[in-house]
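Following: one structure in structure tokens, then a few remarks.
Computed from the coordinates by the stated procedures, all read-outs in this text should not be read as laboratory data. Small disclaimer: the values here were computed from a predicted structure and weren't measured. Glycine gets a Cβ as well: all are built from the backbone with ideal geometry, and neighbour counts include every protein chain shown.
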Amino acid sequence: MQDQDIISVTTEIVGDIALVCVDNPPVNALSVHVRRGIQDAVAEINAAQSAKVIVLYAAGRTFIAGADITEFGKPPMPPALPDLLNEMEQSKIPVVCVLHGTALGGGLEVALASHARVGIKGLRIGLPEVLIGLLPGAGGTQRVPRLAGIPVALDMSLSGRQVAAKEALGMGLLDALEDGEPRDVALRAGQDALDGKIKTRRTDLIDTTPDDAALEEARKMVARKFPNLVSPQRCIEAIAASTGPISEGLKIERKAFMDCLDTPQRAGLIHAFFGERAVANIPEKKATPRDINAVGVIGGGTMGSGIATSALMSGLSVTLVEVKEDALERGIATITKNLEGGVKRGKLSADQRDQMLAQLTGATDLAALSDVDLVIEAVFEQMEIKKEIFTKLDAVCKKGAILASNTSYLDINEIAAQTSRPEDVIGLHFFSPAHIMKLLEIVVGEKTAPEVVASGFALAKRLKKIGVRAGVCDGFIGNRILGHYSKTASYLVLDGATPQQVDDALEAFGFAMGPHKVGDLAGLDIGWMTRKRKAATRSAEERYAGAVADRICENGWYGRKTGRGYYVYDEGDMHPNPEVAKIIDEERAEAGVTPRSFTDEEIVDRYMTAMISEAARVVEDGIALRPVDVDVVFLSGYGFPRFRGGPLHYADTIGAKELVRRIETYAKEDAHYWQVPEILRKMAETGKSFDDINKGG
Ligand code: T1G
């Protein structure tokens, strides 16, 4: 059956009320058959004069959640949504829209083109198009300003935030707020419209109040916050046109929308949207997760207290274990501070904070974990300490308890082998700050049971995180790749660039922060310890990348926490550390390097090619299930610019042939570091892309 032949819109006449129901699970997206269904229904009711009011509502868990994103980039199928909505707006028989769940993007635009809007409690509305590289493309930039004013239109369409029903009512985007099942509310709303309790009117006939100040402020904000993005600026342009005739405004909106549709940013952001959903598609998805209500966290340091905070915020009870009372108190104090921060940011109420803290227990003995469903070990990154803890956990934890390690690099199989129940051992790798960062790398050992993996993913969903499945290797997906490409940043500095130039070039590319600033933020001592841990196994052929960083650390400069690292941090001011420039000169002389200049483009090309190379090997080795899993790891855990879709989505914009050419060129300088991954060579020969691999090709 062709898409366009699907019946997803039905009409029911009840007295003078025509109930038009959209039913296109899972989120009633405006697929072609939905658009045609609405168009036909409105036309038929008007032609037959079979009712005095039309009420549009939806079945299922939500009203229309937007245009069908899967149709973007494909040949357009009529009717285009803007045309359908202009027609609907002209309907002689008034159209009332009843909204529930999440009325987003094109879904909200359907309601805006209707003649009255009734929300059902729990409703959230929004214009999230900028989050996928677009702007409202079916009248949102023209009708929101008419109903609610330019500032509201700017706020909603530039933030993409979801607005709760009460606030929407206050904004003038809803005419009434009801409670009940959609069909029942639809019937009542129809009657209220017939009785004149709900006023119906055409939005296009309302004038927009000019507000140049708000537009100017928005232009400045967007230039500052989204320097790389196209659609926010175009969105402001369209909203600015809403003070003129709607037909002109709609033309400007359409042009801006079609231009943005063609941008690589749109492709990158939509890849990210679907990628974050695709990573849940794991071999173990049919397994039944175990119930997790009580969690034990071992270690009250930055990671342990962050993990405990995240668990408490999702309604779990937590037992925090530390070796000594004072360390335990510090851990509990950090958790309390984290929750307090949530209250300050309006993420939770003071009552909720108190309820969460009431779910927290402290202990200095592992025996306190005898009855928990899950233990997450977050102690010092040393194998011996972890092995000792897992041996003890094996003795005290109940049967069926899941034993997890938050290790960032170490071998989960080696840790699991310490226990009599390796099938219950898994890696749950959180990212700092653990109560904020979205990513959770779920590291599956060779003996980890499918239901334990499924439990890891269920936990990620409960913690409102994005779980990504990773195999066991040093550093799993993210840190293994980071370990490789971060060397490029060091080689660039040894060969002639400055740390600041490297950071600036990568920030212009879209990273929130360059690698040297990230090092200073995370603490340079962490990398130093990793280099020391790996010194014994480092290949003699490898060009050592850590010389400058080691010297900085030997001075006791670990970055922000010591007031200096690559940069000096002084009362809110930050500037390059002049001592580092001296160290770099000395290390270049020591290595016999004649420094040369690099363009910003060269810096980005080398850095990204190194990242892509190791990412390709991670897919080749099966550590990541698909290329998109690597993309989601970097988008949600490593600050990779979202509009570029992730390292391997970005790689497809370069092409395997060009990547192989680059690596072979760079290999003339360092054949040990620059090696062409076999998977990339094959892709260059076959013309395959990483996205083909995502699709199973
Ligand atoms: N199109 C196609 N598929 C969609 C979709 C959409 N708009 N929204 C969700 N899905 C799929 C999703 O991939 C998943 O599939 C399933 O539905 C459940 O989603 C002209 C141009 C609505 C808040 O940006 O924010 O309108 O993985 O897992 O957590 O101006 O989905 O099961 O195969 O996310 O309950 C604007 C996007 C479009 C909203 C529900 N709308 N969606 O969240 O479920 S652009 C959006 C969401 C537009 C107009 C423009 C969320 C949700 P699968 P889910 P959820």
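Peptides 79-86, 315-322 ordered by packing proxy, namely the average of other Cβ atoms within 10 Å per residue, highest first: 315-322, 79-86. Taking the number of Cβ atoms within 10 Å of each Cβ as an exposure proxy, the fewest-first ranking of ARG538, ARG202 is ARG538, ARG202. Extension gain, ALA223 to ILE436: 0.36 nm times the residue separation minus the Cα-Cα distance gives 74.1 nm. Computed from backbone phi, the HN-Hα couplings of the range 638-652 come to 10, x, 5, x, 4, 5, 9, x, x, x, 8, 5, 5, 4, 5 Hz, rounded to whole numbers (Karplus: 6.51 cos²θ - 1.76 cosθ + 1.60, θ = phi - 60°; Gly and Pro given as x).
Of the peptides 633-640, 18-25, 224-231, the order by per-residue mean of other Cβ atoms within 10 Å, starting with the highest, comes out as 633-640, 18-25, 224-231.
The H on the amide N of GLU178, modeled in the peptide plane, is under 5 Å from the matching H of GLY119, ILE120, LYS121, each at least 5 residues off or on a different chain. What you get for the chain, charging only the Cβ of Lys and Arg (+1) and of Asp and Glu (-1), is a dipole of about 620 debye around the Cα centre.
Under 5 Å between amide hydrogens, built in the peptide plane, is the criterion, and for ARG564 it picks out TYR558, GLY559, TYR569 among residues at least 5 positions away or on other chains. For the range 1-59, DSSP calls about 50 percent of its internal beta bridges antiparallel. In whole angstrom, note down how far apart the Cα centers of the range 382-443 and the range 212-240 are. With the range 382-443 and the range 212-240 each reduced to a Cα centre, they are spaced 46 Å.
Each label point was placed 7 Å from the Cα along the Cα-to-Cβ direction; for ARG161 and ARG202 their separation is 3.4 nm. Among beta bridges from DSSP that stay inside the chain, the antiparallel ones total about 30%.
What is the range 503-545 by shape, rounded, prolate or oblate, if you read a ≥ b ≥ c off the alpha carbon gyration tensor as root eigenvalues and call it rounded for a/c under 1.5, prolate for a/b larger than b/c, and oblate otherwise? Judged from the Cα gyration tensor, the range 503-545 comes out oblate (a/c at least 1.5, b/c at or above a/b).
Using only the Cα atoms of the range 201-265, build the gyration tensor, take square roots of its eigenvalues as a ≥ b ≥ c, and label the shape rounded, prolate or oblate: rounded if a/c is under 1.5, else prolate if a/b is larger than b/c, else oblate. Cα axes put the range 201-265 in the oblate bin. For the chain, the longest principal axis of the C-alpha atoms and the axis of helix 325-344 are separated by about 30°. Spin-label model, ASP474/GLN382: points 7 Å from Cα along the beta carbon direction are separated by 1.9 nm. The angle between the Cα long axis of helix 499-509 and the longest principal axis of the Cα atoms of the chain comes to about 20 degrees, rounded to the nearest 10.
Averaged over residues, the count of other Cβ atoms within 10 Å places the peptides 58-71, 604-617 in the sequence 604-617, 58-71, highest first. Overall shape: oblate for the range 561-688, with the ratio a/c of the largest to smallest alpha carbon gyration tensor axis at 1.5 or above and b/c at least equal to a/b.
Please compare each pair in LYS337/LYS399; LYS387/LYS461; LYS166/LYS255; LYS398/LYS438; LYS517/LYS582; LYS344/LYS438 to a cut-off of 26 Å on the Cα-Cα distance and tell me which ones are over it. LYS337/LYS399; LYS387/LYS461; LYS166/LYS255; LYS398/LYS438, as the Cα separations exceed 26 Å there. At what distance in angstrom do the alpha carbon centres of the range 271-343 and the range 605-671 lie from each other? So the two Cα centres are separated by 30 Å.
Were the residues from ALA581 through ALA395 laid out at 0.36 nm apart, the gain over their Cα-Cα distance would be 61.6 nm.
Between ILE13 and SER247, what is the FRET efficiency for a Förster distance of 25 Å, r being their Cβ-Cβ separation, to the nearest 0.05? After rounding, the FRET efficiency stands at 0.15. When DSSP beta bridges are restricted to pairs lying wholly in the range 79-189, around 25% turn out antiparallel. Relative intensity of the chain on a log10 scale, I(q)/I(0) at q = 0.10, 0.11, 0.12 Å⁻¹, equals -1.09, -1.24, -1.36, per a Debye sum over C-alpha point scatterers of equal strength in the absence of solvent.
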